[in-house]
1. Out of all the residues in region 115-122, is one or more on the phi > 0 side of the Ramachandran plot, under 15 Å from the mean Cα position of the chain (by Cα) and modelled with pLDDT of 85 or more?
2. Restricting attention to region 110-120, report how many residues are surrounded by 15 or more Cβ atoms within 10 Å (Cβ to Cβ) and out of contact with any strand residue (DSSP E or B) (no Cβ under 6 Å at 6 or more places or on another chain).
3. Tell me which residues, restricted to region 90-109, are part of a strand (DSSP E or B) and surrounded by 15 or more Cβ atoms within 10 Å (Cβ to Cβ).
4. I'd like to check something: does region 69-84 contain any residue that is at pLDDT 90 or above and surrounded by 14 or more Cβ atoms within 10 Å (Cβ to Cβ)?
5. Please work out if residue 91 is closer than 18 Å to residue 51 by Cβ and touching a residue at least 60 places away in the same chain (Cβ under 8 Å).
6. Name the single residue that is farthest from the chain's Cα centre (by Cα) among those in region 28-50 being in a helix (DSSP H, G or I) and loosely packed, with under 13 Cβ neighbours inside 10 Å.
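The values are calculated or read from the model by the stated rules, or taken from the named source; none is laboratory data. Predicted model only: the values in this text are computed from it and were never measured. FYI the Cβ positions are ideal-geometry reconstructions off the backbone, even for glycines, and counts take in every protein chain you see.
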C-alpha cells in the first residue's frame, strides 16, 4: 500500500446541519467562545472560528441548499454524527461546569478519554439541537512510577 502524497495535520472543520441558525450561533459563540468567521447567506452557511479550526453551520431550510442536500433535518430520531471534540485549555472542570450551567447547557458525562494529544479530562455536553460536543483538556500528567507507552 502506498502512502498519500501529503501529511494529515489537524481537523480543519466540521459541518453541522441545523434547524435554528440563530440559536446555534448564540450557543457556539456566546457559550463556547467561537467567533463568526464568514457568512454566505445564499448558501445558508455560517462559518465559526474555533481556535485553529472552523465549525460550519448550514441551515436545513429552503434557503440553505447545502443543508437541504443532506435530507431530513437532525432531531431526536437521528443525528448527523456521533460527536465532535473541541480541545480547550486550561481545563478547570468546576469553572467549565459553572459556565455551562449558567447558560442552561445540558451536561453529559465526564471522564478521562483518549484524544489527538493523549489521555486527558473530557466533558460531554449538548448543543441546542442535541448534537454531542466534547470539551477535551490537555493530556493528564503522568502518574509517578507509571511507564508511558513508546
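1. Checked against the condition, which is being on the phi > 0 side of the Ramachandran plot, under 15 Å from the mean Cα position of the chain (by Cα) and modelled with pLDDT of 85 or more, region 115-122 yields no hits at all.
2. Of the residues in that region, 1 qualify.
3. So the first thing to find is which residues in region 90-109 are part of a strand (DSSP E or B), and the list is 106-109.
Across region 90-109, the qualifying residue is only 108.
4. We begin by selecting, within region 69-84, every residue at pLDDT 90 or above; these are 84.
Pick out the ones that are also surrounded by 14 or more Cβ atoms within 10 Å (Cβ to Cβ) and you get 84.
Scanning region 69-84, I find at least one residue that is at pLDDT 90 or above and surrounded by 14 or more Cβ atoms within 10 Å (Cβ to Cβ), so the answer is yes.
5. Numbers: closer than 18 Å to residue 51 by Cβ: yes; touching a residue at least 60 places away in the same chain (Cβ under 8 Å): no.
So residue 91 does not fit the description; no.
6. The initial filter retains those residues of region 28-50 that are in a helix (DSSP H, G or I), namely 28-31, 41-43.
Those still in the list that are loosely packed, with under 13 Cβ neighbours inside 10 Å too: 30, 41-42.
On the way: 30: 14, 41: 22, 42: 24 Å.
Among those residues, the one meeting the criterion is 42.
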